[in-house]
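As structure tokens, the structure follows; a few thoughts come after it.
The values are calculated or read from the model by the stated rules, or taken from the named source; none is laboratory data. Just so it is clear, the model here is predicted, and its values are computed rather than measured. Every residue, glycine as well, gets a Cβ built from its backbone with ideal geometry; the counts of neighbours run over all protein chains shown. Protein only, heavy atoms only, side chains kept; ligands, DNA and RNA dropped before computing areas. Shrake-Rupley method; radii C 1.70, N 1.55, O 1.52, S 1.80 Å.
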Amino acid sequence: MDYIDYIKNPWPWYVAGPLIGLTVPALLILGNKTFGISSSLRHICAMCLPAKIPFFTYDWKKEIWNLFFVFGILIGGIVAITILKNPDPILINPDLAIELAKYGVNDFHGLVPVQLFSWESLFTLKGLIMIVVGGFTVGFGTRYAGGCTSGHAIMGLSTLQWPSLVATCCFMVGGFIMANLILPYVLSL
Amino acid sequence: MSNNINLQTSDEFIVEQESHDYEVRATDSVCINDSHLHHKWYYNFKYLAVGIIFGIVFLKAEIISWFRIQEMFRLQSFHMYGVIGSAVMVGLVSVLLIKKFKIKTIYGEEIEFHDKTFNKGQIYGGLLFGLGWAITGACPGPLFAQIGSGATVIIVSLLSAIAGTWVYGYLRERLPH
């Protein structure tokens with residue numbers, strides 16, 4: 001039973017990172033598939049509402065593996081939260097805890113802060129910005145950039161693509177600007 | 001379209017159509033389906049399996065945690081840097097080994113790599129995505145895992161992300177690249 005307890009604890013980076021890295025050869029060897037997740041959003045657009053937009057007018061059925069893959073991620077989330085659930089609250093950096101407490105965020109149970117991301121908060125200005133505007137920016141930005149953390153940062157850097165390095169640096173710059181300069185204003189709403 | 005295509009040219013037409021289709025799919029995408037084999041749909045279950053393992057790692061390593069992303073962008077924790085850094089290292093070595101030993105797919109197909117061309121979208125789009133990443137605490141993959149972990153309101157984030165992708169496709173011709 002010690003073994004199961006060990007698996008239930010949060011996994012360190014040196015276990016998780018290599019496992020994620022192995023997804024690259026796994027997908028290539030299973031069927032010449034290039035690792036990338038944000039494309040799934042494009043395939044969903046092509047499938048549901050192509051609206052004669054050239055960018056969405058292609059045979060999405062050829063990319064259906066990508067939708068199986070992301071659906072698997074969703075199921076993986078269910079498995080991890082039910083069978084392998086870590087019962088303890090997430091340990092976070094004390095400085096972050098102090099900062100978030102200023103905005104009334106002090107519940108660290110769960111991976112997503114329930115005080116910010118919940119159906120109730122969706123109908124507040126803060127929730128609307130974080131859930132809807134945030135999500136929109138992720139979808140628009142990743143497609144504009146031609147990939148996300150998986151396609152650019154992991155697959156792109158693994159194959160030494162310099163445009164992916166540019167994109168990855170821009171992801172980080174955008175993230176630093178949001179977390180340090182803009183998010184404090186959003187959280188105080 | 002001329003309607004006197006005989007059997008031979010209609011074959012050519014299909015090939016042309018397929019290559020056009022591939023071109024569209026490959027536009028601005030690092031993620032393209034390179035296999036030339038035509039398999040039944042249930043062959044895709046193996047990617048579901050890879051996805052499940054991937055989702056478990058996402059949750060167990062707390063990569064999909066909003067708090068971990070905030071720590072990363074405040075330089076308060078090494079965790080995310082360690083995850084992404086070691087993932088790239090393992091990916092890099094794997095790709096080198098695949099190229100060096102000309103490793104084939106399980107169906108004996110040669111593994112193909114495509115170079116990515118630079119356009120300004122990687123800068124503008126990258127910055128925009130960075131902003132969204134820090135606010136939602138999720139890139140597209142974690143959105144799916146967060147929904148699985150029971151944060152059902154993230155379905156709204158996912159739908160917003162799909163809407164964002166659609167609006168990009170709609171405005172694409174008018175955006176600087």
- Query: Amide H to amide H under 5 Å from A:Lys33: which residues, 5+ apart in sequence or cross-chain, H placed 1.01 Å off N in plane?
  - Reply: A:Leu28
- Over the stretch A:1-85, how many percent of alpha carbon pairs lie in each 5 Å bin up to the one with the longest distance? 3, 12, 16, 19, 16, 14, 9, 6, 4, 2, 1, 0
- May I ask you to list the residues of the stretch A:165-189 whose amide nitrogen lies under 17 Å from a point 7 Å from Cα along the Cα→beta-carbon direction of A:Leu128? A:186-189
- Using Cα positions and a limit of under 24 Å, work out the lysines in reach of B:Lys46, with same-chain residues fewer than 8 apart set aside. A:Lys33, A:Lys61, A:Lys62, B:Lys60, B:Lys99, B:Lys102, B:Lys104
- Query: P(r) tail for the protein assembly as shown, what percent of Cα pairs lie past 30 Å?
  - Reply: 35 percent
- Karplus ³J(HN,Hα) for the stretch A:62-67 (6.51 cos²θ - 1.76 cosθ + 1.60, θ = phi - 60°; Hz, whole; x = Gly/Pro) runs 6, 10, 5, 4, 5, 6
- Taking 0.36 nm per residue of separation between A:Asp59 and A:Asp2 and subtracting their Cα-Cα distance, the length gained on full extension comes to 15.6 nm
- Message: Interface size between chain B and chain A, please: total buried accessible area, 1.4 Å probe, rounded to the nearest 100 Å².
- Response: 11300 Å²
- Task: Could you look at the protein assembly as shown and say what percent of its accessible area is carbon and sulfur, using a 1.4 Å probe and all protein chains?
- Result: 68 percent
- Among A:Gly151, A:Gly174, A:Gly141: highest mean-square fluctuation, GNM of chain A, C-alpha pairs under 10 Å: A:Gly174
- Query: What number, in percent, do you get for the relative contact order of the stretch A:74-189 if the mean sequence gap of Cα pairs under 8 Å and at least 6 apart is divided by its residue count?
  - Reply: 17 percent
- Kindly provide the helix-only [θ] at 222 nm of the protein assembly as shown, computed as the sum of -39,500 (n - 2.57) over DSSP H runs of four or more divided by all residues, to the nearest 500 deg cm²/dmol? -18000 deg cm²/dmol
- Once both label points are put 7 Å beyond Cα along the C-beta direction, the A:Asn180-B:Ala49 separation in nm becomes 4.5 nm
- Message: Distance between the C-alpha centers of the stretch A:101-155 and the stretch B:132-177? Whole Å please.
- Response: 9 Å
- Just the Cα atoms of the stretch B:101-161, one point each, no solvent: what log10 I(q)/I(0) does Debye give at q = 0.17, 0.21, 0.22, 0.28 Å⁻¹? -0.76, -0.81, -0.84, -1.12
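Starting from the eigenvalues of the Cα gyration tensor, five times each then square-rooted, give me the equivalent ellipsoid semi-axes of chain A, largest first, whole Å.
30, 24, 18
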- Message: Taking the Cα of B:Trp41, stepping 7 Å toward and past its beta carbon, and measuring to each backbone N in the stretch A:71-102: which are under 17 Å?
- Response: A:71-72
- Message: I'd like the FRET efficiency for A:Tyr14 and B:Leu171, computed as 1/(1 + (r/R0)^6) with the beta carbon distance as r and R0 of 51 Å, rounded to 0.05.
- Response: 0.75
- the stretch B:50-82 to the stretch A:69-97: how many Å between their Cα centroids? 9 Å
- Task: Would you mind getting the accessible area per residue of chain A, heavy atoms of the protein chains only, 1.4 Å probe, in Å²?
- Result: 43 Å²
- Restricting to lysines and to Cα separations under 21 Å from A:Lys102, and discarding same-chain partners fewer than 8 apart, the set is A:Lys126
- Say we join alpha carbon atoms closer than 10 Å with springs in a Gaussian network model of chain A; which of A:Leu122, A:Leu100, A:Leu111 then has the biggest fluctuation? A:Leu111
